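Written out below as structure tokens is the structure these notes cover.
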Amino acid sequence: MSVTFAGLVRELGRTAGDRLMLDFDGRTTTFGRFDARTDRVAGALAGAGVGPGDRVAFLDRNCVEHLEVMAACAKLRAVMVPLNWRLAPAELARILADSAAELLVSGPEYLAPAGKIRAETPGARTAVVTGGSAGPG
């Protein structure tokens, strides 16, 4: 039997649902809540047109959303492209273009750099901000 990251998230959500999975920066979640949350994130990504083999870029510092997007991409069989928030927008745009990511997910404090990156990368058609807001699309 082959074990995948997506399968592991689902299995732990089912078998260890009430157990603490993560305690990060004052935020906690259980395996069950993480599985459910990543299902919702995967649904949102799929609604934005993400499917198997597609690339989703992620720009933010270490945060819970980083893991959520990673697991959601795994559930969709998409590829997450983590971007280093310390790089200049021009450097990030080159990475985004090279990865062929069409969707850029960013944290709220990176909305301005995300806009600059998108301006330099015609293929990046959408910017999504973690927390439920959407950037100019």
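Listing for the model above:
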{"item": "Gyration tensor (Cα) of the chain, equivalent ellipsoid semi-axes in angstrom", "result": "27, 16, 12"}
{"item": "Rounded to the nearest 10 Å², the accessible area of residue 95 at probe 1.4 Å", "result": "70 Å²"}
{"item": "Percent accessible area from carbon and sulfur atoms, the chain, protein chains only, probe 1.4 Å", "result": "54 percent"}
{"item": "Nearest 10 degrees, 0 to 90: helix 89-99 Cα axis against the chain principal axis", "result": "60 degrees"}
{"item": "Heavy-atom SASA rank of 128, 41 (probe 1.4 Å, accessible area, largest first)", "result": "128, 41"}
{"item": "Rounded to 10°, Cα long-axis angle of helix 64-76 versus longest principal axis of the chain", "result": "80 degrees"}
{"item": "Solvent-accessible surface (1.4 angstrom probe) belonging to residue 69, in square angstrom, nearest 10", "result": "10 Å²"}
{"item": "Solvent exposure ordering (accessible area, 1.4 Å, most first) of 63, 73", "result": "63, 73"}
{"item": "Heavy atoms of residue 35: accessible area, 1.4 Å probe, square angstrom to 10", "result": "30 Å²"}
{"item": "Cα shape, region 5-47, gyration tensor, a/c 1.5 rule", "result": "oblate"}
{"item": "Cut-off 13 Å between beta-carbons: net charge of the residues surrounding residue 19, Lys and Arg +1, Asp and Glu -1", "result": "-2"}
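The values are calculated or read from the model by the stated rules, or taken from the named source; none is laboratory data. This structure is a prediction, so every number in the text was calculated from the model and none was measured. Cβ coordinates were reconstructed from backbone atoms using ideal geometry, including for glycine residues, and neighbour counts include every protein chain displayed. Surface accessibility is based on the protein's heavy atoms, side chains included, excluding ligands, DNA and RNA. Shrake-Rupley method; radii C 1.70, N 1.55, O 1.52, S 1.80 Å.
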